[in-house]
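Here's the structure we're looking at; comments come further down.
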Amino acid sequence: MKQAMTWLSRRLGWDRNPLRRRSDRVEAAVIATLLAGFLIGAPLLAIVAGRMTDANELRQQHSQRSWRQVPATLLVSPAAIGAFGSSDAWVPARWPAPGHRTRRGVIELDAVPAAGRPVLVWTNAAGRLTSPPLTRSAIQLDVTLAALIAPTVLAVMLLAAGGSVRLVLNRRRLADWDRAWDSIGPRWTPQP
């Protein structure tokens, strides 16, 4: 175990090797900072993202309480619907709206209904078509995804920052090596 820790500290540049350049020590400090930032930030970010998503979707679910399922009457026959040739079809229909009014529009059908049977559609308080309201399981899935995606985004951002710092340091190292070779090279190379 101690040997593995020694290897890891040497590999990351955290040992006290006197041959390490200043840029090597800067790189080691940047790696340590980014690693600490991820280890501290990832759990916090996952919690915050999960709670924000949960609060937002619960607020949205609360606003959807006035939504109702109402029966819609198709304005074309089920036989004509089957002619579309796919499992999903957009069909003209009418449905009751608040205030004893009737609304008309196009609804999506997943399957061809039996003749004379109404199709249930979701409407909002004004009687306009909507998607089905959020379920608790859908909210839990979104919260889980947010809690997983947020640390992943943080990791990508920190890796990009670390890669940028390493690119700058490597350019500086190459420039230092070029300057060192320009001063030493003529002594090693025979002059004509």
Problem set entry | Among (1) at pLDDT below 85; (2) closer than 17 Å to Thr130 by Cβ, the one test that Ala72 misses | (1)
Problem set entry | Identity of the residue in region 134-180, touching a residue at least 60 places away in the same chain (Cβ under 8 Å) and of a type in the set (Asp, Glu), that ends up farthest from Arg65 (Cα to Cα) | Asp176
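Let me confirm something: among Ser183, Ser131, which residue is loosely packed, with under 14 Cβ neighbours inside 10 Å, over 22 Å from Ser66 (Cα atoms) and either without any contact (Cβ under 8 Å) to a residue 24 or more places away in the chain or not basic (Lys, Arg) (or both)?
Working: Ser131 fails: over 22 Å from Ser66 (Cα atoms).
Being loosely packed, with under 14 Cβ neighbours inside 10 Å, over 22 Å from Ser66 (Cα atoms) and either without any contact (Cβ under 8 Å) to a residue 24 or more places away in the chain or not basic (Lys, Arg) (or both) holds for just one of Ser183, Ser131, which is Ser183.
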For this session: Scan region 51-60 and give yes if some residue there is buried (at least 16 other Cβ atoms within 10 Å of the Cβ) and either of a type in the set (A, V, I, L, M, F, W, C) or assigned by TED's automatic domain parsing to the domain that holds Leu154 (or both), otherwise no.
Result: no
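Table: residues versus (1) of a type outside the set (A, V, I, L, M, F, W, C); (2) under 30 Å from Leu35 (Cβ atoms).
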position: Asn124; (1), (2): yes, no
position: Arg128; (1), (2): yes, no
position: Leu141; (1), (2): no, no
position: Thr144; (1), (2): yes, yes
position: Leu148; (1), (2): no, yes
For this session: State which residue pairs qualify: first residue in contact (Cβ under 8 Å) with a residue 60 or more places away in the chain and inside region 57-74, second residue assigned to a loop (DSSP other than H, G, I, E, B) and among the hydrophobic types (A, V, I, L, M, F, W, C) in any location, beta carbons under 9 Å apart, and separation of 6 or more residues or different chains.
Result: Glu57/Leu134; Leu58/Leu134; Gln60/Leu134; Gln61/Leu134; Gln64/Leu134; Trp67/Ala125
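Among the candidates Ala36, Ala42, Ala49, Ala28, single out the residue that is touching a Pro at 6+ places or on another chain (Cβ under 7 Å) and modelled with pLDDT of 85 or more.
Values: Ala36 fails: touching a Pro at 6+ places or on another chain (Cβ under 7 Å); Ala49 fails: touching a Pro at 6+ places or on another chain (Cβ under 7 Å); Ala28 fails: touching a Pro at 6+ places or on another chain (Cβ under 7 Å).
None of the other options fit; the residue is Ala42.
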Problem set entry | Breaking point among (1) under 21 Å from the mean Cα position of the chain (by Cα); (2) more than 30 Å from Thr123 (Cβ to Cβ); (3) not β-branched (Val, Ile, Thr), for Ala55 | (2)
Problem set entry | Selection within region 13-24 - more than 17 Å from Ala161 (Cα to Cα) and either touching a strand residue (DSSP E or B) at 6+ places or on another chain (Cβ under 8 Å) or not polar (S, T, N, Q) (or both) | Gly13, Trp14, Asp15, Arg16, Pro18, Leu19, Arg20, Arg21, Arg22
Exercise. Could you list, in sequence order, the residues of region 132-169 that are part of a helix (DSSP H, G or I) and touching a strand residue (DSSP E or B) at 6+ places or on another chain (Cβ under 7 Å)?
Worked result: none
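The values are calculated or read from the model by the stated rules, or taken from the named source; none is laboratory data. In this text, all values refer to a predicted model and were calculated from it rather than measured experimentally. Virtual Cβ from ideal backbone geometry, glycine too; neighbours counted across all protein chains shown.
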